[in-house]
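The values are calculated or read from the model by the stated rules, or taken from the named source; none is laboratory data. For clarity, every value in this text was computed on a predicted model and none was experimentally measured. Cβ sites come from the backbone with ideal geometry, for glycine too, and all protein chains shown count toward neighbours. The area values use the complete protein model at the heavy-atom level, side chains included, leaving out ligands, DNA and RNA. Shrake-Rupley method; radii C 1.70, N 1.55, O 1.52, S 1.80 Å.
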Amino acid sequence: MNRKVFQIGFNRCATRAIEQFFAAHGYKTAHWEFGKLAQDLQRDLSEGRQPFHNWQHVDVFTDMEFLSDTEHFEGFRHFRALYAAYPDALFILNTRNMENWIRSRIKHADGYYLTAYQHQKGYGSKNRVIDEWRRNWLRHHLDVMEFFVKHRRRQLLIWNIRRPNFSLLSRMMGQRFDPALWKQVGGAESGSPLTR
């Protein structure tokens, strides 16, 4: 069985590209699954089961988020619970320039993501959503860095999507990863709602 890999950065940070990169190297992957990844994780955590106990055949989990007008669950924020269940896993904090990320999220799915987020939170303006996104970005990056210290640091890979460190990934996973297989996927700022 391959080592588990959990992508724990935000969406609009090459989550699909990460999934396809690992799939190209023979890993079994699950990406978003129309929100089912996040919903199953939420259910497992609330009912005290091992996270992703029905997904044991999967090696790599990306885009663990579900958003509708009434519900929102960001599975990647539960990295502590995932670490407790899978202490040998690799956790990938995928990141990019924050303001570029904000712009990408605003455009995502022709603006549907921003509108759904605003409705779900009950915010009166889109600017309030954007302010919250900036706070969440900074808070989450700090939370991850504060958790993965000392012996846990071996389990975290910070993955700048513009300058990926393929040699470090190869060392951490104990196999060679081919940089030629890293490709931009879509840049899908438009398309059907919430398609990653």
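As a rough guide to protection, the peptides 88-96, 150-158 ranked by mean Cβ packing within 10 Å, highest first, stand as 88-96, 150-158. Only Cα sites of region 1-110 enter the Debye sum here, all with the same form factor; the resulting log10 I(q)/I(0) across q = 0.12, 0.23 1/Å is -0.40, -1.39, listed in q order. Annotation: HIS141 carries an accessible surface of approximately 30 Å², with a 1.4 Å probe and no ligand, DNA or RNA atoms counted. The residues packed around ALA23, meaning those with a beta-carbon under 12 Å from its beta-carbon, carry a net charge of +1 if Lys and Arg are +1 and Asp and Glu are -1. Using the 1.4 Å probe convention, the accessible area of the chain works out to 48 Å² per residue with neighbouring protein chains retained.
Spin-label model, GLN56 to GLU146: label points 7 Å out along the Cα-to-beta-carbon direction sit 3.5 nm apart.
The DSSP beta bridges internal to the chain are antiparallel in roughly 20% of cases. Between LYS28 and HIS72, residue separation times 0.36 nm minus the direct Cα-Cα distance comes to 13.2 nm.
Taking square-rooted eigenvalues a ≥ b ≥ c of the alpha carbon gyration tensor, is region 71-125 rounded, prolate or oblate, where a/c under 1.5 means rounded and, failing that, a/b exceeding b/c means prolate?
In terms of gyration-tensor shape, oblate.
Per residue, the convex hull spanned by the Cα atoms of the chain measures out at 115 cubic angstrom. Fully extending the segment from ILE106 to ARG128, taken as 0.36 nm per residue of separation minus the present Cα-Cα distance, adds 6.7 nm. For LYS28, the solvent-accessible surface computed with a 1.4 Å probe is close to 120 Å², ligands and nucleic acids excluded.
For the pair LYS36 and ALA81, label points projected 7 Å from Cα toward Cβ lie 2.0 nm apart.
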